[in-house]
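For reference, the structure discussed in these notes is given below.
The values are calculated or read from the model by the stated rules, or taken from the named source; none is laboratory data. Just so it is clear, the structure is predicted and the values come from calculations on it, not from any experiment. Note that each Cβ is placed from the backbone with ideal geometry, even for glycine, and that neighbours are counted across all protein chains shown.
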Amino acid sequence: MPWVPTSRCILITRGAELDQIAMVVKVYGEARAVCPQRVIHCLVEKGVPFELVHVELDSMEQKRPEFMEKQPFGQVPYVVDGEFELFESRAIARYYASKYADYGPSLLGRTVEERAKVEQWMDVEAMNYNPVAFSIVWNAFILPARGLARKEEKAAAAARKLEAILEVYEKQLAKSRYLAGDEFTLADLTHIPATRYVVENCDMAHVMEGKQHLKAWWDNITARPGWKKVMEFVETGANKHQP
Ligand SMILES: N[C@@H](CCC(=O)N[C@@H](CS)C(=O)NCC(=O)O)C(=O)O
């Protein structure tokens with residue numbers, strides 16, 4: 001019996017042995033924002049109950065002093081887990097993937113070598129992929145959504161860079177089903193939120209064209225019930241997850 005939820009706390013047991021008590025996790029952020037989505041998706045995959053505390057980015061709630069005491073860069077997300085607090089979406093995802101390593105999919109690999117490969121692709125996502133994907137989303141989606149002109153040249157230049165990065169992914173995904181091997185891990189999960197904006201909201205779906213392994217990977221990882229749940233949060237405005 002891995003999970004015994006109660007109204008205020010979750011008892012986590014292995015066999016008969018009580019390992020630890022965790023308060024329901026509070027995720028501070030907005031469901032439609034890319035970085036909170038990484039955290040929400042990870043918690044859903046791991047079967048961790050949580051509450052999403054809405055932080056309104058349009059009204060700059062993330063820059064208020066009380067928020068910046070928790071996240072000193074004035075950005076979402078951060079989490080509160082009992083006495084423990086953490087910001088940075090990838091660090092939070094790593095934390096829960098490690099903390100609940102024995103529950104749900106093994107999101108960080110099973111050996112130190114597997115973990116090293118997951119970390120490698122997570123670093124690629126954070127350092128190579130995300131800045132380019134973000135530039136597309138900013139110039140082709142966020143600016144127009146704020147009533148400003150779409151910056152076509154900048155978006156197109158970023159799209160060309162993204163295509164070059166995705167050529168590398170195509171080669172990798174011809175060798176393994178997922179980026180870091182044959183199992184879904186944080187290496188895949190961390191890519192999903194920004195990529196969804198690129199292909200669905202920026203008129204840039206062509207970046208995947210002609211890359212059959214990439215396309216199969218994308219269809220596979222976005223068909224996961226865990227990711228569908230994240231989209232439900234966005235669409236319904238739900239703020240609680242109780243697996
Ligand atoms: N490296 C941080 C980046 C956080 C970040 O950029 N969050 C965005 C939403 S995805 C945000 O808060 N934007 C509003 C702002 O920067 O004021 C993380 O991964 O948590």
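V230: of a type in the set (A, V, I, L, M, F, W, C), in contact (Cβ under 8 Å) with a residue 24 or more places away in the chain and part of a helix (DSSP H, G or I), yes or no?
yes
Applying the selection to region 127-176, what residues are of a type in the set (S, T, N, Q) and farther than 12 Å from C202 by Cβ?
N128, N130, Q172, S176
Would a scan of region 70-77 turn up a residue that is over 22 Å from P243 (Cα atoms) and away from the ligand (no atom under 13 Å from the Cβ)?
no
Criterion first (over 19 Å from the mean Cα position of the chain (by Cα), within 14 Å of the ligand (Cβ to nearest atom) and small (G, A, S)) does S135 satisfy it?
no
For region 98-156, name all the residues that are touching a residue at least 40 places away in the same chain (Cβ under 8 Å) and among the hydroxyl-bearing types (S, T, Y).
Within region 98-156, Y100, Y103, S106, Y129 meet the criteria.
Has region 94-103 got at least one residue that is near the ligand (Cβ under 10 Å from one of its atoms) and either at negative phi or modelled with pLDDT under 95 (or both)?
No, region 94-103 contains no residue that is near the ligand (Cβ under 10 Å from one of its atoms) and either at negative phi or modelled with pLDDT under 95 (or both).
For region 93-105, state whether one or more residues are among the acidic types (D, E), closer than 18 Å to L186 by Cα and surrounded by fewer than 14 Cβ atoms within 10 Å (Cβ to Cβ).
Within region 93-105, one or more residues are among the acidic types (D, E), closer than 18 Å to L186 by Cα and surrounded by fewer than 14 Cβ atoms within 10 Å (Cβ to Cβ).
I'm told H191 meets every condition in (1) within 19 Å of the chain's Cα centre (by Cα); (2) buried (at least 18 other Cβ atoms within 10 Å of the Cβ); (3) away from the ligand (no atom under 16 Å from the Cβ) except one. Can you identify the failing condition by its number?
(3)
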